[in-house]
Amino acid sequence: MPTTTHGSRYRRAAIAVLVAVALVASATGVVAAQETRAGGSVVVDEGETVDGIQTIGGTVVVRGTVDGDLQALSGSVVIEQSGHVTGDVQATAGSVTVLGTVDGSLEASAGSVSIGESAVIDGDVRLAAGDFRMAGTVNGSVEAGVDNLRLTATAVIAGDLRYSRNADFAREDGATVGGEVTAVRGLSPEVGFGGFSLPDPGPLNVVFGIYWALVTLLLGAILLAAFPRFTSELAGEVSTNPLRAGGVGLVGLIGVPIALVLIAITIVGIPLTVLGFMAWGLAVFVSIPLGEYAVGSWALSHVDIDSRWAALVVGVVGVATLSRIPVVGWVIEFAVFLLGFGALLWVLYRGFRRRHGDDETDSSVPAPDAEGSAATQ
């Protein structure tokens with residue numbers, strides 16, 4: 001029966017996505033076991049001492065002592081007033097806040113960086129950020145590729161201060177800089193998808209980049225194996241209607257959260273909003289490998305190579321390589337994501353219409369063969 005077939009297909013899709021997410025989480029756990037900590041919230045409580053931290057994802061909060069380096073690729077990093085890092089801090093995050101003591105240097109790539117009044121950093125500070133507020137003490141020099149820079153009255157820099165010439169710079173009376181203050185041409189934050197990146201990525205960023213590419217390959221492979229017809233239909237949508245896919249992706253990325261917030265205005269709508277945001281977040285997550293697979297499939301179609309697995313590899317590796325290009329790299333990465341996200345939403349919508357008999361004549365959808373795989377495009 002058509003309804004049963006579609007229902008079974010959507011159930012298989014849901015199971016495939018859940019299994020994929022579980023396996024990706026397990027992969028993160030393997031890294032956590034090999035390193036110090038990873039995933040979720042990493043909290044070093046006051047009075048606790050750990051031997052260095054390397055973490056991917058979540059939030060990092062240090063109230064105790066990190067005996068060694070703190071290296072993080074996460075949503076936020078906070079070193080509280082009681083926190084103490086005996087080594088260097090290297091962070092790529094949405095926000096970085098230092099209120100405690102860092103014996104080494106601070107390298108940060110973030111949307112915002114704040115060095116509080118109680119903070120003491122013995123080494124240098126080098127960062128790329130949107131906003132940088134400094135009220136504490138740096139016993140070395142500061143190099144800031146930022147859009148906005150503010151030195152409060154309590155700020156102390158023992159060495160030089162170098163900042164972006166185009167930055168909005170505010171220096172309050174009382175702020176102390178022991179060396180030279182120089183506005184530097186070309187010292188600008190390199191904006192990337194989801195944040196900022198340092199002009200010269202260190203080994204940690206390279207490792208994280210390779211790790212993320214492998215995770216994307218794993219997730220994409222699971223989706224391709226578990227649901228071949230759906231992924232083939234999605235790739236066909238990107239290939240034949242890229243403008244529609246990108247437009248739907250942009251509207252979905254902005255419009256869905258707004259709609260869910262409006263639904264939450266009513267008490268009855270709160271549970272629906274929570275479930276909606278969970279589904280929306282999951283769709284965003286799986287759209288990354290799906291978009292890269294679709295672009296890889298489109299690229300290989302121009303050289304007459306018909307292999308879904310090769311398309312996945314070409315898409316993931318290609319996007320990972322192109323995303324390293326200064327200035328335009330993040331545009332490419334974001335565009336590929338929008339294509340995948342929009343195609344995902346459109347194919348789901350079209351499948352919903354077919355299921356209810358509203359789109360039975362859509363000739364753009366390939367018919368499944370006996371095994372449920374995609375027909376030849």
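Before moving on, here are some points about what is shown:
- For segment 94-128, the set of residues classified as over 13 Å from V142 (Cα atoms), surrounded by 24 or more Cβ atoms within 10 Å (Cβ to Cβ) and under 19 Å from the mean Cα position of the chain (by Cα) consists of V96, S109, A110, listed by residue number.
Yes/no matrix, rows are residues, columns are (1) over 24 Å from I222 (Cβ atoms); (2) in contact (Cβ under 8 Å) with a residue 40 or more places away in the chain; (3) not assigned by TED's automatic domain parsing to the domain that holds R229:
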{"position": "V261", "(1), (2), (3)": "yes, no, no"}
{"position": "L272", "(1), (2), (3)": "yes, no, no"}
{"position": "G281", "(1), (2), (3)": "no, no, no"}
{"position": "P289", "(1), (2), (3)": "no, yes, no"}
{"position": "W298", "(1), (2), (3)": "no, yes, no"}
{"position": "A310", "(1), (2), (3)": "no, no, no"}
{"position": "V319", "(1), (2), (3)": "no, no, no"}
{"position": "S323", "(1), (2), (3)": "no, yes, no"}
{"position": "G329", "(1), (2), (3)": "yes, yes, no"}
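- Sub-8 Å Cβ pairs linking a first residue in segment 146-160 that is closer than 16 Å to R126 by Cβ to a second residue that is among the aromatic types (F, W, Y) and assigned to a strand (DSSP E or B), at least 6 apart or interchain, are V146/F132; V146/Y163; L149/F132; L149/Y163; L149/F169, ordered by first then second residue.
- Among the conditions (1) buried (at least 18 other Cβ atoms within 10 Å of the Cβ); (2) touching an Asp or Glu at 6+ places or on another chain (Cβ under 6 Å); (3) farther than 21 Å from A110 by Cα, S82 misses just one, which is (1).
- Annotation: of all residues in segment 337-371 being among the small types (G, A, S) and surrounded by fewer than 17 Cβ atoms within 10 Å (Cβ to Cβ), the one that is modelled with the lowest pLDDT is A370.
- Residue identified as outside the structural domain of L73 (by TED's automatic domain parsing), closer than 28 Å to L73 by Cβ and at pLDDT 90 or above among A235, A221: A221
- For segment 318-336, the set of residues classified as within 15 Å of W212 (Cβ to Cβ), assigned to a helix (DSSP H, G or I) and at pLDDT below 90 consists of G318, V319, A320, T321, L322, G329, W330, E333, listed by residue number.
- V303 meets all of the listed conditions (1) in a helix (DSSP H, G or I); (2) free of Cβ contacts under 8 Å to residues at least 24 places away in the same chain but one, namely (1).
The values are calculated or read from the model by the stated rules, or taken from the named source; none is laboratory data. Predicted model, so just to flag it, every value in this text is computed and none were measured. Cβ sites come from the backbone with ideal geometry, for glycine too, and all protein chains shown count toward neighbours.
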